[in-house]
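The next block holds one structure in the form of structure tokens; read it before the comments.
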Amino acid sequence: MRIFVTGGAGYVGSHCVRELCGAGHDVMVFDNLTSGGHREAVDDRATLVVGDLANAELVQGTLSEDHFDAVMHFAAMLNVNESVSEPLRYYHNNVSNTVSLLQSMKACGVEKIVFSSTCATYGEPPVAPLTEDLPQEPITPYGRSKLAVEWVLRDSAAAWGLGATALRYFNASGAAADGSLGEDRDPEYHLIPLILQVPLGQRDHIKIFGTDYPTPDGTCVRDYIHVEDLAVVHRLAIESQAPGEFRFYNVGTGHGASVREVIDAARKVTGHDIPAIEAPRREGDPAELYADPSKIMRELAWQPAYPNIMPIVETAWNWHKAHPQGYASVGR
Ligand code: UDP
């Protein structure tokens, strides 16, 4: 397939582009190289167009130059806290730009899309694991912007035959097994890369946000899903996408790891004692979020290759150790 990948220079996008190229797909990456996008992360087999989705003319012009079979849409803003203080930026980038992308797709006859959604669309669900039939009640502008797009996709599938899959990710983490692609954003705000900054000598300690949650060790439990597992899921989703169909899946391993467990895994992997300081809860953090992935396992015949936290942290450490300054360390 010829596939147009927005945000293909970013963390999840770049791993996915590599997976698609490896499977013989023909990929064009469209990325503005901000918000975590890096030219060095784009697979050599793909072509890169540097541009912003807000530039509808450029998007439509690029899509119309060639026949594309499908779009994978990663480009988005994803800092939950920032979305609370700057909701208009989030709705503009995540919702308006997606509507405009879909208009261009419709005009150019591109009728399949896989969309990066999030478990944040469920808000603070009272139960775990999370199944897809739980009500979607997001509690932040970020989560609401992703849910709004899911509705746009659903309505487009019904109205003009768009085939769309929304992948509701849990915590994307880890790095390419060969250590050549990984996480690099500034500022960093995700747990695993922040923990690994301690053994890198870039921070003194890690803060544990909340130790009084109703979980076995009092810290928040999340479902860490390896970025290469996510990449495979995207490929399977686009390869099996039928026109006019809207599908939605939770994408996680089905197991949770607590903040303390993740820190312990990092201590074992790095051999560093990684001092941890107990801090107050971070606002809006649900105690426990992990997926029931049985729907995607059944329908896409998928199994995670990394079901446990240790190897996930190991791949992240391989990347960060070799690239302490992220892609600035690469020079490729
Ligand atoms: N967390 C933490 N200390 C940090 C960063 C994160 O204790 O410095 C916790 C956070 O409260 C959450 C978990 O680690 O329970 C994962 O946070 P992250 O921001 O990586 O992902 P989220 O689940 O919020 O999308």
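Laboratory data are not the source of any read-out in this text; all were calculated from the coordinates shown. For clarity, every value in this text was computed on a predicted model and none was experimentally measured. Here the Cβ positions follow ideal geometry from the backbone for every residue, glycine too, while neighbour counts run over all protein chains shown.
Sum -39500 (n - 2.57) across every DSSP H segment of at least 4 residues in the chain, then divide by the residue count to get the 222 nm mean residue ellipticity, nearest 500.
Values: 11 runs with 114 residues, N = 332.
Taken over the chain, the calculation gives -10000 deg cm²/dmol.
If R0 is taken as 51 Å, the Cβ-Cβ distance between Arg45 and His205 corresponds to a FRET efficiency of 0.80.
Here the mean projected area of the convex hull built on the C-alpha positions of region 139-204 is 7.1 nm². Each Lys and Arg adds +1 at its Cβ and each Asp and Glu adds -1 at its Cβ; summed about the Cα centre, region 184-332 shows a dipole of about 280 debye.
Taking the C-alpha atoms only, the angle from helix 141-160 to the longest principal axis of the chain is near 30 degrees.
Using C-alpha pairs below 8 Å separated by at least 6 residues, the relative contact order for the chain is 19 percent. Footprinting exposure proxy ranking of Asp264, Asp44, fewest other C-beta atoms within 10 angstrom first, gives Asp44, Asp264. Under a model in which nothing but the beta-carbon of Lys, Arg (+1) and Asp, Glu (-1) is charged, the chain shows a dipole of about 80 debye around its Cα centre.
Amide H contacts for Val71 (H built 1.01 Å from N in the peptide plane; partners 5 or more residues away or on another chain; cut-off under 5 Å): Phe4, Lys112, Ile113, Val114. On C-alpha positions alone, give me the angle between the axis of helix 259-270 and the longest principal axis of the chain, in degrees, nearest 10. Taking Cα atoms only, the helix is inclined about 80 degrees. Taking 7 Å steps out from each Cα toward its Cβ at Arg89 and Glu299 produces label points 3.4 nm apart. For region 171-246, the square roots of the Cα gyration tensor eigenvalues, ordered a ≥ b ≥ c, give a/c of at least 1.5 with a/b no greater than b/c, which places it in the oblate category.
The dipole here belongs to region 1-156: it is taken about the Cα centre, uses +1 on the Cβ of Lys and Arg and -1 on the Cβ of Asp and Glu, and is about 80 debye. Report, in whole Å, the centroid distance computed from the Cα atoms of region 1-66 and region 234-310. The distance from the Cα centre of region 1-66 to that of region 234-310 comes to 25 Å. Close amide H contacts of Tyr169 (hydrogens built in the peptide plane, cut-off under 5 Å, sequence separation of 5 or more or a different chain): Ser117, Thr118, Cys119, Val251. With unit charges on the beta carbons (Lys and Arg positive, Asp and Glu negative) and the dipole taken about the Cα centre of region 106-207, which residue among Trp151, Ala177, Ile192 sits farthest to the positive side? Final value for the positive-end residue is Trp151.
Among the listed pairs Lys112/Lys146; Lys146/Lys321; Lys112/Lys295; Lys112/Lys321; Lys146/Lys295, those whose Cα-Cα separation exceeds 28 Å are Lys146/Lys321; Lys112/Lys321.
The residues Tyr91, Tyr142, when put in order of fewest to most other Cβ atoms within 10 Å, stand as Tyr91, Tyr142.
The order of Cys21, Cys119, going from fewest to most other C-beta atoms within 10 Å of their C-beta, is Cys21, Cys119.
Take every Cα pair under 8 Å whose residues are at least 6 apart in sequence, average their separation, divide by the length of region 141-244, and the relative contact order is 37 percent.
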